[in-house]
Amino acid sequence: MNEAELRSAMGAHRWLQSLRLRDTLLTPGLKSEAQLREEEAALFDPLNLAGADVLEVGAANGAFSLAALRRGARRVLATDHLPWTLPGSDALSATQWAAHALGAPLETRAQDPRELSAAFGSFHLVLATACFEQWFNPILALRGLRSVTNRILLLETMQDALADARPIMMAQSHHAPIGGVQGSWVAGWAPNPPLMLQLLIDLGFDRILYRNHPSLGSARGIYAALLPEAPDGLLAGFAAPWANLTHPQG
């Protein structure tokens with residue numbers, strides 16, 4: 001497919017993320033290529049993904065899943081729920097088309113994270129971005145993510161109640177460009193770090209690291225949660241600005 005044909009086919013989709021298909025061809029996504037690259041570095045630079053099995057939850061158009069493949073992951077399964085299943089949404093078909101255009105061996109599956117279980121499979125790395133604000137029942141969704149994680153869980157989320165030392169999660173809703181042309185209202189949550197720490201410890205993670213979003217600061221947080229069986233060497237890449245919430249003086 002030449003560039004003119006790619007450009008024509010690309011225009012048949014609505015894009016949530018700006019994906020670089022060719023040097024001169026970029027999908028017109030709502031999230032810019034610059035912000036995606038910045039977030040990719042914050043999420044993945046501390047890790048060596050060579051040979052890893054990766055599950056992405058809330059993949060949108062698969063920008064981070066495709067990045068994991070570029071960084072050497074052995075297998076990447078991209079999943080999403082509402083953006084891929086609401087009537088009128090073409091985010092899944094756009095993702096599949098982009099992967100085909102790039103020649104990337106990306107697996108895709110529409111999946112509600114609340115329905116994940118150990119029978120779904122096991123992944124070295126499970127990634128969920130913009131997660132809590134899209135989950136009606138985040139604790140059930142986290143249990144699902146834990147059931148398929150065998151080393152590390154990466155979470156990126158909106159936050160609130162940052163000045164409160166108590167574990168708190170604030171209800172919120174926002175209009176999202178998913179579903180039909182008019183979009184959809186999505187109800188979700190904004191946790192604070194004390195709540196995230198407690199939830200992740202309760203789920204069996206014993207090392208929880210945290211950093212602010214690279215450009216939006218503490219309005220959004222990134223959490224890396226390691227299971228006891230995860231090799232200690234996985235911690236080596238988590239230098240500043242990452243902080244260890246489980247051993248703050250360490």
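General remarks:
- Scanning region 211-233 for residues that are under 17 Å from LEU125 (Cβ atoms), under 19 Å from the mean Cα position of the chain (by Cα) and not in a loop (DSSP other than H, G, I, E, B) gives ARG211, ILE222, TYR223, ALA224, ALA225, LEU226.
- Exclusive hit being surrounded by fewer than 20 Cβ atoms within 10 Å (Cβ to Cβ), at pLDDT 95 or above and not hydrophobic (A, V, I, L, M, F, W, C), set ARG151, ARG146: ARG151
- Any hit, region 21-36, residues being closer than 21 Å to SER147 by Cα, aliphatic (A, V, I, L, M) and touching a Ser or Thr at 6+ places or on another chain (Cβ under 8 Å): no
- Residues that are assigned to a helix (DSSP H, G or I) and hydrophobic (A, V, I, L, M, F, W, C) were ranked within region 129-147; the one that is farthest from HIS81 (Cα to Cα) is ILE139.
- Checking each residue in region 159-185 for being at pLDDT 95 or above and within 17 Å of the chain's Cα centre (by Cα) picks out only GLN159.
- Conditions (1) in contact with a helix residue (DSSP H, G or I) (Cβ under 6 Å, 6 or more places away or on another chain); (2) surrounded by 19 or more Cβ atoms within 10 Å (Cβ to Cβ): number failed by ALA52: (1)
- Of residues in region 241-250 being part of a loop (DSSP other than H, G, I, E, B) and of a type outside the set (A, V, I, L, M, F, W, C), the one surrounded by the fewest Cβ atoms within 10 Å (Cβ to Cβ): GLN249
- Selection count where residues are of a type outside the set (S, T, N, Q) and free of Cβ contacts under 8 Å to residues at least 24 places away in the same chain, scope region 114-160: 1
- Qualifying positions in region 191-240 - small (Gly, Ala, Ser), within 21 Å of LEU36 (Cα to Cα) and surrounded by 17 or more Cβ atoms within 10 Å (Cβ to Cβ): GLY221, ALA224
The values are calculated or read from the model by the stated rules, or taken from the named source; none is laboratory data. Remember, predicted model here, so these are calculated numbers, not experimental data. Reconstructed Cβ throughout: ideal geometry from the backbone, glycine too, with neighbour counts over all protein chains shown.
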